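Student: This is the structure I want to talk about, given as structure tokens.
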Amino acid sequence: MAIKDEILTGEGCRFDEAGKNGGEFEAGLPDTIVIHYTAGPSVASAINTFRDPAVESSAHLLVDFDGSVAQLIPFSNIAWHCGRSSWLDLNGINRYSIGIEVVNAGPLEKSGNLWYAWYGRSYKREEVVRAIHRNEDKRTYWHRFTEEQIDSVMNICKVLTKKYKIRYILDHEEISPGRKRDPGPAFPLEKIRERVLVSDRSGRNHEEGLNEKAFVSAPSLNVRSGPGTNFDIISQPLSRRTEVLITDRENGWAHVEFTVTGWVSENYIHK
Ligand SMILES: [Zn+2]
């Protein structure tokens with residue numbers, strides 16, 4: 001995979017312009033990737049929706065079950081995939097981000113031995129994940145993403161990060177909490193952040209090292225992609241008493257694991 005003239009190229013990639021184009025990004029942008037699910041059965045149904053003149057949404061990329069990618073908007077231009085959204089002190093995240101839609105049914109309802117999407121199609125047990133959504137407190141059913149889709153999104157994020165100096169990889173549910181549930185708990189966002197943003201920047205092997213439990217002692221603690229305040233904040237802050245696992249240390253900073261992994265100042269955690 002590579003990017004040529006603002007278009008993704010390589011095996012399994014095609015350009016098929018569709019959907020609302022919001023004009024060019026400002027200089028220095030995009031610097032963010034936002035992941036979504038389509039809440040639909042196929043690439044074709046998603047493209048049909050985006051081609052509908054009455055639909056006020058679009059995305060840069062659509063990732064099919066086999067990992068193949070349809071690009072609908074060039075990376076130089078804004079797509080309308082976030083709606084009302086905020087991250088850190090920014091609002092309206094479309095202006096900062098590339099939108100990746102992964103074909104997936106989203107939430108499923110169990111009935112008998114099958115699980116049903118909102119559009120009526122049924123899915124089998126092996127296609128279902130039961131998990132708690134980050135913004136909810138009960139376990140619910142979700143359509144499983146394929147390994148090919150996850151590998152493909154990982155590769156896309158790596159290529160985009162190199163080309164556009166991406167600082168954040170976010171779920172839609174993080175920037176529009178309460179309003180959006182995608183991509184949901186079946187999508188391994190933390191793994192992708194860790195592989196693309198954290199490991200690549202710090203160049204360290206987090207597998208070796210400590211494994212000590214600690215608790216956050218500050219009311220709110222920033223998590224960064226590397227050991228220092230010059231590194232980007234990569235998730236919502238941790239709240240007091242959050243339990244973390246320290247896996248590495250450097251210059252007064254601890255690499256910790258919780259639901260995401262990243263670096264925090266050692267001054268604000270205790271054992
Ligand atoms: Zn979305």
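The values are calculated or read from the model by the stated rules, or taken from the named source; none is laboratory data. Not measured: the values here are computed from a predicted model. So basically every Cβ, Gly included, is an ideal-geometry build from the backbone, and we count neighbours across all protein chains shown.
Student: Going through the range 74-124 one residue at a time, which ones are away from the ligand (no atom under 15 Å from the Cβ), closer than 25 Å to residue 140 by Cβ, out of contact with any Pro (no Cβ under 8 Å at 6 or more places or on another chain) and not in a strand (DSSP E or B)?
Tutor: Selection gives 112, 113, 120, 124.
Student: Need pairs with beta-carbon distance below 6 Å; first residue of a type in the set (D, E, K, R) and within the range 56-76, second outside any loop (DSSP other than H, G, I, E, B); sequence gap 6+ or separate chains.
Tutor: Once the first residue is of a type in the set (D, E, K, R) and sits in the range 56-76, its partners that are outside any loop (DSSP other than H, G, I, E, B) give 64/43; 66/148.
Student: Can you say whether residue 34 is within 16 Å of the ligand (Cβ to nearest atom) and within 22 Å of residue 142 (Cα to Cα), as far as the supplied structure shows?
Tutor: yes
Student: Here's a follow-up. Return the pairs, sorted by first residue and then second, in which the second residue is part of a strand (DSSP E or B) and among the small types (Gly, Ala, Ser), the first residue lies in the range 102-117 and is within 18 Å of residue 63 (Cβ to Cβ), the beta carbons are less than 8 Å apart, and the residues are 6+ apart or on different chains.
Tutor: none
Student: What's the number of the condition residue 42 fails, among (1) in contact with a strand residue (DSSP E or B) (Cβ under 9 Å, 6 or more places away or on another chain); (2) in contact (Cβ under 8 Å) with a residue 60 or more places away in the chain; (3) within 21 Å of residue 152 (Cα to Cα)?
Tutor: (1)
Student: Suppose we keep only residues that are at pLDDT 95 or above and in contact with a Ser or Thr (Cβ under 6 Å, 6 or more places away or on another chain) within the range 51-67. Which one would you say is farthest from residue 157 (Cα to Cα)?
Tutor: Taking the candidates together, the pick is 65.
Student: Mind listing just one residue for me: the one in the range 235-271 that is in contact with a helix residue (DSSP H, G or I) (Cβ under 6 Å, 6 or more places away or on another chain) and assigned to a loop (DSSP other than H, G, I, E, B) and, of those, surrounded by the fewest Cβ atoms within 10 Å (Cβ to Cβ)?
Tutor: Of everything passing the filter in the range 235-271, 252 is surrounded by the fewest Cβ atoms within 10 Å (Cβ to Cβ).
Student: Assigned to a helix (DSSP H, G or I) and within 14 Å of the ligand (Cβ to nearest atom) - does that describe any residue in the range 132-149? Steps first, please.
Tutor: Initially, the range 132-149 is screened for residues assigned to a helix (DSSP H, G or I), giving 147-149.
Add one more test, that the residue is within 14 Å of the ligand (Cβ to nearest atom), and what stays is none.
No; the residues of the range 132-149 include none that is assigned to a helix (DSSP H, G or I) and within 14 Å of the ligand (Cβ to nearest atom).
Student: Restricting attention to the range 83-121, report how many residues are modelled with pLDDT under 95 and surrounded by 15 or more Cβ atoms within 10 Å (Cβ to Cβ).
Tutor: Result for the range 83-121: 1.
Student: Within the range 45-73, take every residue that is of a type in the set (S, T, N, Q), under 19 Å from the mean Cα position of the chain (by Cα) and within 16 Å of the ligand (Cβ to nearest atom) and give me the one that is nearest to residue 166 (Cα to Cα).
Tutor: Filtering the range 45-73 down to residues of a type in the set (S, T, N, Q) leaves 45, 48-49, 57-58, 68, 71.
Right, trim to under 19 Å from the mean Cα position of the chain (by Cα) and you get 57-58, 68, 71.
Then drop every residue that is not within 16 Å of the ligand (Cβ to nearest atom), which leaves 57-58.
Numbers: 57: 22, 58: 20 Å.
This residue is 58.
Student: Could I ask something else about it? How many of the residues in the range 234-271 are of a type in the set (A, V, I, L, M, F, W, C), touching a strand residue (DSSP E or B) at 6+ places or on another chain (Cβ under 6 Å) and under 17 Å from residue 193 (Cα atoms)? Give the steps one after another, and end with the answer.
Tutor: Within the range 234-271, the first condition is being of a type in the set (A, V, I, L, M, F, W, C), and the residues that meet it are 234, 238, 244-246, 253-254, 256, 258, 260, 263-264, 269.
Retained after the next criterion (residues that are touching a strand residue (DSSP E or B) at 6+ places or on another chain (Cβ under 6 Å)): 234, 238, 244-246, 253-254, 256, 258, 263-264, 269.
Among the residues that remain, those that are also under 17 Å from residue 193 (Cα atoms) are: 234, 238, 256, 258, 263-264.
Selection size over the range 234-271: 6.
Student: Here's a check for you: in the range 158-173, which residue that is crowded, with 22+ Cβ neighbours inside 10 Å and assigned to a helix (DSSP H, G or I) is nearest to the ligand (Cβ to nearest atom)?
Tutor: 172
Student: Kindly list the number of the only condition in (1) farther than 15 Å from residue 166 by Cα; (2) of a type outside the set (Val, Ile, Thr); (3) touching a Pro at 6+ places or on another chain (Cβ under 8 Å) that fails for residue 6.
Tutor: Result: residue 6 fails condition (1) only.
Student: Here's a follow-up. If we scan the range 211-228, do we find a residue that is part of a loop (DSSP other than H, G, I, E, B), at pLDDT 85 or above and touching a Ser or Thr at 6+ places or on another chain (Cβ under 6 Å)?
Tutor: Yes, the range 211-228 has at least one match.
Student: Here's a follow-up. Taking residue 188 as meeting all but one of (1) more than 16 Å from the ligand (Cβ to nearest atom); (2) more than 17 Å from residue 234 (Cα to Cα); (3) surrounded by fewer than 22 Cβ atoms within 10 Å (Cβ to Cβ), write down the number of the exception.
Tutor: All conditions are met except number (2).
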